[in-house]
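Undergrad: Here it is, the structure, as structure tokens.
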Amino acid sequence: MTSGLSLSQVLLQRITRDYEEQPGLRLTPPQAQRLWDLDGPTCSAVLTALVDAGVLQRTPDGRFVRRQAGA
């Protein structure tokens, strides 16, 4: 890649952008795997990284949603 971004950085940006463009997106891990064509460990690592970064939060029913301001 000419931009100097790693594949994981590109993936994090893509998923962040998808959640920004679709604020009502509420995905279970298996749904996220299918949507972004990821294997289980990669999907889990990416979703966890986005939760840790404050981009996403996990709901009590296990879905990943965009973190709301002040949450």
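The values are calculated or read from the model by the stated rules, or taken from the named source; none is laboratory data. All of these numbers come straight from a predicted model, not from anything done at the bench. When we count neighbours, we look across all protein chains shown, and the Cβ atoms used for this are built from the backbone with ideal geometry, even at glycine. Surface areas here come from the heavy atoms of the whole protein model, side chains and all, with no ligands, DNA or RNA. Shrake-Rupley method; radii C 1.70, N 1.55, O 1.52, S 1.80 Å.
Undergrad: Contour minus end-to-end for residue 34 and residue 22, with contour as 0.36 nm per residue of separation and end-to-end as the Cα-Cα distance?
TA: Extra length from residue 34 to residue 22 when fully extended: 2.7 nm.
Undergrad: Check which residues have an amide H placed less than 5 Å from residue 27's amide H, if you skip close sequence neighbours.
TA: Counting only residues 5 or more places away or on other chains, the set is 64.
Undergrad: If you don't mind, there's one more thing I want to ask. Per DSSP H run of n ≥ 4, the term is -39500 (n - 2.57); total these for the chain, divide by its residue number, and report the mean residue ellipticity at 222 nm rounded to 500 deg cm²/dmol.
TA: Result for the chain: -15500 deg cm²/dmol, rounded to the nearest 500.
Undergrad: Express the accessible area of the chain per residue in Å², computed with a 1.4 Å probe while the remaining protein chains stay in the model.
TA: 65
Undergrad: Evaluate the chain: find the radius of gyration of its Cα atoms, find its Kirkwood radius, and give the ratio Rg to Rh.
TA: 0.96
Undergrad: Note down the magnitude of the dipole of the chain about its Cα centre, charges +1 on Lys and Arg C-beta and -1 on Asp and Glu C-beta and zero elsewhere, to the nearest 20 debye.
TA: That gives the chain a dipole magnitude of about 160 debye.
Undergrad: What is the chain's relative contact order, in percent, from Cα pairs under 8 angstrom and six or more apart in sequence?
TA: The value is 34 percent.
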